[in-house]
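Novice: Take a look at this one; I'll ask things after.
The values are calculated or read from the model by the stated rules, or taken from the named source; none is laboratory data. Quick caveat: nothing in here was measured; it's all calculated off a predicted structure. Positions of Cβ are generated from backbone atoms using ideal geometry, with glycine treated the same way; all protein chains shown enter the neighbour counts.
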C-alpha cells in the first residue's frame, strides 16, 4: 500500500548550517513519500546558495519568503503550499532539529491508528544530551500559569508510550490535512512562541485530539535561531515575544473563571523577571542586560495595548 504523502516544512533564518544537518537526517528517513519545503525567512548569510543544491525536485524545494515573517508567517507559507499540492500530512520541523530515521513513519502509523488524533508529536530530546527530554507533550495549569513539557527529565522509560495531551511542540509536529482545512493555519499574531500551543488548543476545540508518541524521537538544539547570540542568557527577542505571547495565549484560551487570576499572576512575575535580568548583568557581567530587561517590559506593554505580530523596531 502506498504511503500517505507528507510535506515537511522547515524554516531557515540565517542558520543554513543547522538546516544542512536537518536535511541530512530527513534524507536518511525510512519514510520515502516526503516532499521537503524549506522556507527561507529573508536570510542574509548566504543560506540560499548553500541550501538550494540540497533541495532538488521532486524531493525538495527552497521558497524565499523575502523577509523575516517569523515562525508563524514562514510556516504558513509552507502550509499553504502543502494544501495546494494535496499533501495528506504536514510535518513542521525546526531547522535545528534532526529526526531519527523511523520518526516520521512511526508518527504516520500512530496517526492512522487514531482517526480522532489531528496532531501527533514525537519525543524530543536535547541533541547535546540525548538522555534528557526537551519536550514530551505539554499540559497547562491555568491558575498557576505553568506549562509542563517535562523538559530536562531523564529519558529513562516513563515517556516511551503514547498518550493524549493538551499540546505538542511545533519543533516537530505531524498534522493531518483535516486540521488545516477545519482549524486553519498558525495565528500570525504570535509571530514566534506559543503559536504551537495555541494551534493545539484550537484544534481540540474543533474536535481533534493531540497524541504524543514516545516511540518516535527527534533531537533538538533548542532556540538555536532566536537565541543565537544570547549565550547562557535569553535573547531580547525571546524575552519580548515570550512575555507578550504568554499574555495573548492566556487572554485567548484560559477558562473564563480562571482568566483574571492567570493574567494577574503572569503580570505579577514581571518585576522579579526584570530584576533577575538586571542582576545578571551587574553581578555576572552578562552583556545586553538592559536591552533584555526592556524587552520584558515592552512585551507586557504591547500585550496590554493589543500590539501583536512582527515588531521589528520594538527592540531597537
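Novice: Do we have residue 58 as free of Cβ contacts under 8 Å to residues at least 12 places away in the same chain, over 18 Å from the mean Cα position of the chain (by Cα), farther than 21 Å from residue 221 by Cβ and in the same structural domain as residue 171 (by TED's automatic domain parsing) here?
Specialist: Criteria not met by residue 58.
Novice: Applying the selection to the stretch 1-46, what residues are under 16 Å from residue 58 (Cβ atoms), assigned to a helix (DSSP H, G or I) and more than 19 Å from the chain's Cα centre (by Cα)?
Specialist: Within the stretch 1-46, 27 is the sole residue that qualifies.
Novice: Are any of the residues in the stretch 69-84 over 24 Å from residue 122 (Cα atoms), under 19 Å from the mean Cα position of the chain (by Cα) and touching a residue at least 12 places away in the same chain (Cβ under 8 Å)?
Specialist: Among the residues of the stretch 69-84, at least one is over 24 Å from residue 122 (Cα atoms), under 19 Å from the mean Cα position of the chain (by Cα) and touching a residue at least 12 places away in the same chain (Cβ under 8 Å), which makes the answer yes.
Novice: Within the stretch 248-316, considering only helices (runs of 4 or more DSSP H) that don't extend past its boundaries, which have at least 1 residues that are closer than 19 Å to residue 187 by Cβ?
Specialist: 259-268, 289-305
Novice: Taking interchain pairs and intrachain pairs at least six residues apart, which have beta carbon atoms under 9 angstrom, with the first residue in the stretch 275-303 and surrounded by fewer than 18 Cβ atoms within 10 Å (Cβ to Cβ) and the second modelled with pLDDT under 90 and in a helix (DSSP H, G or I)?
Specialist: Pairs that qualify, where the first residue is surrounded by fewer than 18 Cβ atoms within 10 Å (Cβ to Cβ) and the partner is modelled with pLDDT under 90 and in a helix (DSSP H, G or I), are 286/280; 287/281; 288/281; 290/281.
Novice: May I ask you to list the residues in the stretch 128-156 that are assigned to a loop (DSSP other than H, G, I, E, B), within 16 Å of residue 214 (Cα to Cα) and either at pLDDT below 95 or in contact with a strand residue (DSSP E or B) (Cβ under 8 Å, 6 or more places away or on another chain) (or both)?
Specialist: Result: 130, 131, 136, 137, 149, 150, 151, 152, 153, 155.
Novice: For the stretch 115-127, name all the residues that are touching a strand residue (DSSP E or B) at 6+ places or on another chain (Cβ under 6 Å) and not in a strand (DSSP E or B).
Specialist: 116, 127
Novice: Hey, another quick one. Which members of the stretch 158-173 meet the condition of being without any contact (Cβ under 8 Å) to a residue 24 or more places away in the chain and under 16 Å from residue 115 (Cα atoms)?
Specialist: Result: no residue meets the conditions.
Novice: Would you mind finding the one in 87, 75 that is part of a loop (DSSP other than H, G, I, E, B), at pLDDT 95 or above, touching a strand residue (DSSP E or B) at 6+ places or on another chain (Cβ under 9 Å) and crowded, with 23+ Cβ neighbours inside 10 Å?
Specialist: Only one candidate qualifies: 87.
Novice: Here is a further query. With the requirement that a residue be within 17 Å of residue 81 (Cβ to Cβ) and in contact (Cβ under 8 Å) with a residue 24 or more places away in the chain, what does the stretch 174-207 give you?
Specialist: Listed by number, the residues that qualify are 174, 175, 176, 177, 179, 180, 181, 185, 186, 188.
Novice: May I ask you to list the residues in the stretch 157-183 that are in a strand (DSSP E or B) and under 20 Å from residue 97 (Cβ atoms)?
Specialist: 165, 167, 172, 173, 174, 175, listed by residue number.
Novice: Specify which of the listed residues (96, 40) is at pLDDT 95 or above, under 18 Å from residue 169 (Cβ atoms) and buried (at least 20 other Cβ atoms within 10 Å of the Cβ).
Specialist: 96
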